[in-house]
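Presented below is the structure to which this report refers.
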Amino acid sequence: MNITASQVNELRKRTGAGMMDCKAALVESQGDMEQAIDYLRKKGQKVAAKRADREANEGVVIAKTNNDQTFAAIVMINCETDFVAKNEDFVKYAHGILDAAVAAKVSSADDVKALVIDGRSVEDSLTDQTGVIGEKIQLGAYEIISAEMTAAYIHPGNRLSTIIGMNKSGFGQVGRELAMQVAAMDPVAVDEADVPTEVVEREIQIGIEQARNEGKAEEMLEKIAKGKLGKFFKENTLLNQDFVRENKKSVRQYLNEVEKGLTVTAFKRVMLG
């Protein structure tokens, strides 16, 4: 039968598939639009199966808050190539998933996959996108924070994003500055007490070995190591780091100058690679 250009264009708009794939689908389904859509989806599933063992290390990492800034989320949508990751439609697709996740305040990656957007679950739509794009597409990460106030930051290039929670509302600019600090300085925890015990023990052992290799007296090794641990806390815990915008003061000092008692309750940092 004769397939018109307008039919092909409509199918392309509805599915995002290529022109030739749309025409083939319409021919296969004898012009039935819904059957053609099903055909393309089935094709997507076949492509997904073929690419299941491929590495999807590229993609986008984006973040946002809800309207009242009490909930923030980061999502990573992976693909195989940087070319696809920079495609405007792919970035828009990732934003659509994040918008739905934030609106529903979903708490886990599995909950994101179960979300229904335009009549399709996110899990199924990821398979659809694999068929449309021809690359493995997957949900790589999903992180959230709920707090009195949250802020989000997307680093240029969509490869790194951060979210942050604070104990008081009304400090949006401060929150954004600290989200940028987390992106730049990659702290391991909010404060000293939040550093995992295994990390502290590892740092002490490293400090002991370093001091021993420097020829320090055996009875002084642990004391020296604990001194090094103090430096580690200062460089790697957010509240104790030098504030990037004014490095003569710590983040804690900066926050107390803005508002006494203002502090960070949590942060998340997600990066490709």
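The values are calculated or read from the model by the stated rules, or taken from the named source; none is laboratory data. Please read all numbers here as calculations on a predicted model, not as lab measurements. Cβ atoms come from the backbone with ideal geometry, glycine included; neighbour counts cover every protein chain shown.
If a residue must be in a strand (DSSP E or B) and either more than 14 Å from Val182 (Cα to Cα) or within 24 Å of the chain's Cα centre (by Cα) (or both), how many such residues does segment 249-271 contain?
Step one: list which residues in segment 249-271 are in a strand (DSSP E or B), which gives 249-250, 264-271.
Remaining after also requiring either more than 14 Å from Val182 (Cα to Cα) or within 24 Å of the chain's Cα centre (by Cα) (or both): 249, 264-271.
Here the count works out to 9.
Determine if segment 170-189 includes at least one residue that is under 18 Å from Asp99 (Cα atoms), within 15 Å of the chain's Cα centre (by Cα) and not in a helix (DSSP H, G or I).
As a first pass, look at segment 170-189 and keep what is under 18 Å from Asp99 (Cα atoms): none.
No; the residues of segment 170-189 include none that is under 18 Å from Asp99 (Cα atoms), within 15 Å of the chain's Cα centre (by Cα) and not in a helix (DSSP H, G or I).
Any residue at all in segment 222-235 that is surrounded by 12 or more Cβ atoms within 10 Å (Cβ to Cβ) and touching a residue at least 60 places away in the same chain (Cβ under 8 Å)?
No: segment 222-235 contains no residue that is surrounded by 12 or more Cβ atoms within 10 Å (Cβ to Cβ) and touching a residue at least 60 places away in the same chain (Cβ under 8 Å).
(1) free of Cβ contacts under 8 Å to residues at least 24 places away in the same chain; (2) within 27 Å of the chain's Cα centre (by Cα): which one isn't true of Glu246, the others all being true?
(2)
Among the residues of segment 88-110, which ones are free of Cβ contacts under 8 Å to residues at least 12 places away in the same chain and closer than 15 Å to Ile62 by Cα?
Once the filter is applied, which keeps residues that are free of Cβ contacts under 8 Å to residues at least 12 places away in the same chain and closer than 15 Å to Ile62 by Cα, segment 88-110 yields Glu88, Lys92.
When Ala17 is evaluated against the numbered criteria (1) without any contact (Cβ under 8 Å) to a residue 24 or more places away in the chain; (2) of a type in the set (A, V, I, L, M, F, W, C); (3) not assigned by TED's automatic domain parsing to the domain that holds Gln138, which criterion, by number, is the only one it fails?
(1)
Could you check segment 191-211 and list, in sequence order, the residues that are surrounded by fewer than 15 Cβ atoms within 10 Å (Cβ to Cβ) and over 30 Å from Ala266 (Cα atoms)?
Hits for segment 191-211 are Glu209, Gln210.
Among the numbered criteria (1) assigned by TED's automatic domain parsing to the domain that holds Ile164; (2) more than 20 Å from Ile154 (Cβ to Cβ); (3) free of Cβ contacts under 8 Å to residues at least 40 places away in the same chain, which one does Thr81 miss?
All conditions are met except number (3).
Within segment 161-190, restricting attention to residues that are small (Gly, Ala, Ser) and in contact with a helix residue (DSSP H, G or I) (Cβ under 8 Å, 6 or more places away or on another chain), which residue is surrounded by the most Cβ atoms within 10 Å (Cβ to Cβ)?
Our first condition is that a residue be small (Gly, Ala, Ser); within segment 161-190, this holds for 161, 165, 169-170, 172, 175, 179, 183-184, 189.
Next, only the ones that are in contact with a helix residue (DSSP H, G or I) (Cβ under 8 Å, 6 or more places away or on another chain) stay: 161, 189.
Values: Ser161: 30, Ala189: 18.
Filtering first and then ranking leaves Ser161.
Given Asp38, Asp53, Asp82, which one is at pLDDT 90 or above and under 25 Å from Lys136 (Cα atoms)?
Details: Asp38 fails: at pLDDT 90 or above; Asp53 fails: at pLDDT 90 or above.
Exactly one of Asp38, Asp53, Asp82 is at pLDDT 90 or above and under 25 Å from Lys136 (Cα atoms), namely Asp82.
Considering every residue within segment 216-223, establish whether at least one is assigned to a helix (DSSP H, G or I) and at pLDDT 90 or above.
Step one: of segment 216-223, the residues assigned to a helix (DSSP H, G or I) are 218-223.
Checking the rest, the ones that are also at pLDDT 90 or above come to none.
So far as segment 216-223 goes, no, none of its residues is assigned to a helix (DSSP H, G or I) and at pLDDT 90 or above.
May I ask you to list the residues in segment 146-160 that are surrounded by fewer than 22 Cβ atoms within 10 Å (Cβ to Cβ) and among the β-branched types (Val, Ile, Thr)?
Passing the criteria: only Ile154.
Looking at Ala24 and the list (1) under 15 Å from Ile133 (Cα atoms); (2) outside the structural domain of Val122 (by TED's automatic domain parsing); (3) of a type in the set (Gly, Ala, Ser), which single condition is not satisfied?
Among (1) under 15 Å from Ile133 (Cα atoms); (2) outside the structural domain of Val122 (by TED's automatic domain parsing); (3) of a type in the set (Gly, Ala, Ser), the lone unmet condition for Ala24 is (1).
Exactly one condition in (1) among the hydroxyl-bearing types (Ser, Thr, Tyr); (2) over 24 Å from Val182 (Cα atoms); (3) modelled with pLDDT of 95 or more is false for Thr130; which is it?
Of (1) among the hydroxyl-bearing types (Ser, Thr, Tyr); (2) over 24 Å from Val182 (Cα atoms); (3) modelled with pLDDT of 95 or more, only one is false for Thr130: (3).
Would you call Val8 free of Cβ contacts under 8 Å to residues at least 40 places away in the same chain, surrounded by 15 or more Cβ atoms within 10 Å (Cβ to Cβ) and under 28 Å from Ser161 (Cβ atoms)? Break it down into steps so the answer makes sense when it comes.
On the way: free of Cβ contacts under 8 Å to residues at least 40 places away in the same chain: yes; surrounded by 15 or more Cβ atoms within 10 Å (Cβ to Cβ): yes; under 28 Å from Ser161 (Cβ atoms): no.
So Val8 fails the test.
Filter segment 236-271 down to the residues that are surrounded by fewer than 18 Cβ atoms within 10 Å (Cβ to Cβ), closer than 26 Å to Thr70 by Cβ and of a type in the set (Lys, Arg) and list them by number.
If the condition is that a residue be surrounded by fewer than 18 Cβ atoms within 10 Å (Cβ to Cβ), closer than 26 Å to Thr70 by Cβ and of a type in the set (Lys, Arg), then Arg245, Lys260 are the ones that fit.
Report, ordered by the first and then the second residue, all pairs with beta carbons closer than 8 Å, sequence separation of six or more or different chains, a first member in segment 170-186 that is touching a residue at least 40 places away in the same chain (Cβ under 8 Å), and a second member that is surrounded by fewer than 17 Cβ atoms within 10 Å (Cβ to Cβ) and in a helix (DSSP H, G or I).
Listed pairs, sorted by first residue: Phe171/Val258; Val174/Val258.
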